[in-house]
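Here's the structure, in structure tokens; my notes come after.
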Amino acid sequence: MSKKPEKESFVTEITPRSQDFSRWYLDVVRRAELADYSPVKGCMVIRPYGYAIWELIQKALDTRIKATGHVNAYFPLFIPESLLNKEAEHVEGFAPQVAYVTHGGGEELEEKLVVRPTSEAIIGTMYAKWVQSWRDLPILINQWANVVRWEKVTRPFLRTTEFLWQEGHTAHETEAEAEDETLKILHLYKDVLETEMAVPVVEGRKSDSEKFAGALRTYSIEALMGDGRALQAGTSHNLGQNFAKAFDITFQARDKSVQHVWGTSWGMTTRLVGAAIMVHGDDSGLVLPPKIAPYHVVIVPIGRENWRETVLPKAQEIQRDLAAAGVRVTLDERDERPGWKFSEWELRGVPLRVEIGPKDIEKSAVLVARRDTREKQSLPMEGLSARILQLLDEIQNGLFERARLFREEHTHRADTYDAFKQVLEGRPGFVISPWCGFAECEAQIKADTQATIRHMPMQGVTPTGMCVRCDNPAKFEAWFAKAY
Ligand SMILES: [Zn+2]
């Protein structure tokens, strides 16, 4: 029954982050049982522990989406090819990644179906039917769905051919309302990342070459991973009237004229799970912020032969008390060595471990170990739940602060191209530089250094000098990084 030796090597076999970060990432994903590869290349299986993390993120996001007046609906997976083709820039942007269904019910289809890479086309078609008058506006709909974008190189959670996400699609009377909505969602996304996931982000606007295909303006939140690469954690698009014109979404305005609606769309995906791993994880595995941790606390009973009689009842009592106080708690009563259990729960990133043995029971205390700092302290059983809740808050805040400091230490300014290139070596981070605004210059920087413009931050200043690379005057202060 026992497969101890195999399991032990299983726990210790994690490549150190400093040695090979991407190997470390894959080791953590597999060994913490977050996801697995599937028989279909490029697709992943999200395992229960990984899915539980996603569900917590999803719930936090869904609650905020609804609290801001949006409602959920569901649109079909298949989109007739002709619909996707209606918005030229949009179809061009997605063409290389689109998967088609050519056969169904044993017959070749008259019109190929697209497996949605995103749902603007099908949703726009429906909105054209639903909107007649300004009284029908705004429409504030979100959907939770899967989408397919064919990928040649894949990485679990970060880049997979099929992934899960939410996509919001709204329609408004005026341009100003659409812009307000776009930014409202961007702030909402930032709040989820910072408050729930303890991941600090920067809000900003994408350059034209990095914006969503068919959008007027794209805004994003960008986070810095532990290897100094940036990750786009969410995007919010002001679609202007592009899709409304392509799909003929018109309404009778208050002045009786017929006008096109102003649209937005916005999304966050399962790549957020990847962000949590890469921002907080260490060489022992995952480190989960309490708010997205499937278990806040694992109780490990310590004891000799008869621990089931001597220790277990007290451990169960503590489990009940903690659960009653709203703590997500599990009790590990497997017949394994405590040391083995410690490593396994460390690997899985559980924020607090409660150890209880015969001596602790005599003292009416338990030993509590923090995953983030590895500090251990003896706490009295009396008032334990309140103290645990307090510790969870401290961990949540501590992880955010640690990530924020890391980002600050890895954010540099560069005004010359030499300095720019120098910063981008090793474990780089963000580089803030003046940029001329020309796409060709941006492309050359990418070709030279692999760094892309993540965005131009909302609080950015208008620079006065020259572009970091060329001889044109700088128009923007841009944040560059190598990115996932
Ligand atoms: Zn330039």
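Just so you know, all these numbers are worked out from the coordinates, no wet-lab data involved. No experiment lies behind these values; they were computed from the predicted model shown. As a convention, Cβ positions derive from the backbone with ideal geometry for all residues, glycine included, and neighbour counts pool all protein chains shown.
Each residue of segment 35-46 in turn: what ³J(HN,Hα) in whole Hz from Karplus with 6.51, -1.76, 1.60 and θ = phi - 60°, glycine and Pro shown as x?
7, 9, 6, 10, x, 8, 4, x, 9, 10, 9, 8
Compute the relative contact order of the chain as a whole-number percentage, counting only Cα pairs closer than 8 Å that sit 6 or more residues apart in sequence.
Values: 987 pairs, mean separation 65.6, N = 484.
About 14 percent, as a whole number.
Whats the longest run of the chain with zero GluC sites (Glu not before Pro) that are DSSP loop and have at most 11 other Cβ atoms within 10 Å?
Counting at most 11 other Cβ atoms within 10 Å as exposed, the longest clean stretch of the chain is 14-304.
What order do you get for Leu183, Leu193, Leu347 when you list them from fewest to most C-beta neighbours inside 10 Å? If you can, show how the numbers build up before the last one.
Values: Leu183 18, Leu193 25, Leu347 21.
The fewest-first ordering by Cβ neighbours comes to Leu183, Leu347, Leu193.
If each residue of separation counts as 0.36 nm, what is the full-extension length gain between Gln132 and Lys112 once their alpha-carbon separation is subtracted?
Length difference between fully extended and current span is 4.2 nm.
Arg374 to Gln252: extension gain in nm, 0.36 nm per residue of separation minus the Cα-Cα distance? Could you put the intermediate results ahead of the total?
Details: separation 122, 0.36 × 122 = 43.92 nm, distance 6.28 nm.
Roughly 37.6 nm would be gained on extension.
Once the Cα atoms of segment 270-405 are picked out, what are the Rg and Dmax in Å?
14.8, 47
Pull up all non-local amide H partners of His412: gap of 5 or more, or a different chain, and H-to-H distance under 5 Å with H placed in the peptide plane.
Under 5 Å from the amide H of His412 lie the amide H atoms of Phe430, Val431, Ile432, each far enough along the sequence or on another chain.
Is the C-alpha gyration tensor of segment 181-228 telling us rounded, prolate or oblate? Criteria: a/c under 1.5 is rounded; beyond that, a/b larger than b/c is prolate, otherwise oblate. Walk me through the numbers before you get to the answer.
Values: a/c = 3.36, a/b = 1.44, b/c = 2.34.
Since a/c reaches 1.5 but b/c is at least a/b, the shape of segment 181-228 is classed as oblate.
So if R0 is 35 Å, what FRET efficiency would Thr102 and Arg47 give, r being the distance between their Cβ atoms, rounded to the nearest 0.05? Show your work: numbers first, answer last.
Numbers: r = 32 Å, r/R0 = 0.92.
Efficiency for this residue pair is about 0.60.
Considering Cα pairs under 8 angstrom that are at least six residues apart, work out the relative contact order of segment 212-291 and quote it in whole percent. Please list the in-between numbers first.
Values: 120 pairs, mean separation 21.2, N = 80.
Relative contact order of segment 212-291: 27 percent.
Remind me, relative contact order of segment 90-209 in percent, using alpha carbon pairs under 8 angstrom and six or more residues apart?
On the way: 120 pairs, mean separation 22.6, N = 120.
Relative contact order here is 19 percent.
Between Gln422 and Asp20, what FRET efficiency follows from the Cβ-Cβ distance if R0 is 30 Å, with the result rounded to 0.05? Don't skip to the answer; put the middle values down first.
Working: r = 23 Å, r/R0 = 0.78.
With a Förster radius of 30 Å, E is 0.80.
Among all the lysines, which ones have a C-alpha under 17 Å from Lys129's C-alpha, if same-chain residues fewer than 8 places away are not counted?
Of all the lysines, those that pass the test against Lys129 - Cα under 17 Å, at least 8 places apart if same chain - are Lys86, Lys245.
Pull out a ≥ b ≥ c, the square roots of the eigenvalues of the alpha-carbon gyration tensor of segment 108-252, then state rounded if a/c is under 1.5, prolate if not and a/b is larger than b/c, and oblate in the remaining case. Please list the in-between numbers first.
Values: a/c = 2.15, a/b = 1.29, b/c = 1.67.
Oblate, since a/c reaches 1.5 and b/c is not below a/b.
Tell me what the chain gives for mean residue ellipticity at 222 nm when only DSSP H runs of n ≥ 4 count, each as -39,500 (n - 2.57), the sum divided by the residue total, rounded to 500 deg cm²/dmol. Before the final figure, lay out the partial values.
Working: 16 runs with 172 residues, N = 484.
My calculation for the chain gives -10500 deg cm²/dmol from helical runs alone.
In what order do Phe430, Phe243 fall by count of nearby beta-carbon atoms within 10 Å, going from fewest to most?
Numbers: Phe430 25, Phe243 31.
So the ranking, lowest neighbour count to highest, is Phe430, Phe243.
How would segment 280-327 be classified by its alpha-carbon gyration tensor: rounded, prolate or oblate, with rounded meaning a/c under 1.5 and the a/b versus b/c comparison settling the rest? List each step's numbers first, then the result.
On the way: a/c = 5.96, a/b = 1.55, b/c = 3.84.
The shape class here is oblate.
Out of residues 5 or more away from Ala483 or on other chains, whose amide H comes under 5 Å of its own, with H placed 1.01 Å from N in the peptide plane?
For Ala483, the qualifying residues are Ala230, Thr452.
Filter Lys112/Lys211; Lys112/Lys206; Lys341/Lys376 down to the pairs with a C-alpha to C-alpha distance above 26 Å, please. Please list the in-between numbers first.
Numbers: Lys112/Lys211 28 Å; Lys112/Lys206 33 Å; Lys341/Lys376 16 Å.
As for pairs spanning more than 26 Å Cα to Cα, those are Lys112/Lys211; Lys112/Lys206.
Calculate one ³J(HN,Hα) per residue across segment 329-343 by plugging θ = phi - 60° into the Karplus curve 6.51 cos²θ - 1.76 cosθ + 1.60, and present them in order as whole Hz with x for glycine and proline.
10, 10, 10, 8, 9, 6, 7, 10, 5, x, x, 5, 5, 4, 5
Based on alpha-carbon centroids, what's the gap between segment 145-205 and segment 256-304 in Å, whole number please?
Their Cα centres are 13 Å away from one another.
Counting only residues 5 or more places away or on other chains, whose amide H sits under 5 Å from the amide H of Ala365 once H atoms are built in the peptide plane?
Met381
What list of ³J(HN,Hα) couplings, whole Hz, do you get for segment 148-161 from phi and the Karplus terms 6.51, -1.76, 1.60, once you set θ to phi - 60° and write x for glycine and proline?
Once rounded to whole Hz, the list reads 10, 10, 4, 10, 8, 10, 10, 8, x, 6, 8, 8, 9, 5.
Quick one: order Trp262, Trp24, Trp340 by neighbouring beta-carbon count within 10 Å, fewest to most.
Working: Trp262 28, Trp24 23, Trp340 16.
Starting with the residue having the fewest Cβ neighbours, the order is Trp340, Trp24, Trp262.
To the nearest 10 degrees, how steeply does helix 439-449 sit against the main Cα axis of the chain, on a 0 to 90 scale?
30
For segment 346-417, state which trypsin sites (Lys or Arg not before Pro) are in a DSSP loop and have at most 15 other beta carbons lying within 10 Å of their beta carbon.
Values: sites: Arg348, Arg353, Lys359, Lys363, Arg370, Arg371, Arg374, Lys376, Arg387, Arg402, Arg404, Arg407, Arg413; in loops: Arg348, Arg371, Arg374.
Here the trypsin sites (Lys or Arg not before Pro) that fit, given the DSSP loop and packing criteria, are Arg374.
Taking R0 as 56 Å, what FRET efficiency do you get between Gln450 and Glu317 from their Cβ-Cβ distance, rounded to the nearest 0.05?
Working: r = 56 Å, r/R0 = 1.00.
After rounding to 0.05, the efficiency reads 0.50.
For a 26 Å ceiling on Cα separation, which of these pairs sit above it: Lys446/Lys475; Lys66/Lys190; Lys152/Lys421? Walk me through the numbers on the way to the answer.
Details: Lys446/Lys475 18 Å; Lys66/Lys190 16 Å; Lys152/Lys421 28 Å.
Beyond 26 Å: Lys152/Lys421.
Stretch Glu362-Asp36 to full length: gain in nm at 0.36 nm per residue minus the Cα-Cα span? If you can, show how the numbers build up before the last one.
Values: separation 326, 0.36 × 326 = 117.36 nm, distance 4.42 nm.
Here the answer is 112.9 nm.
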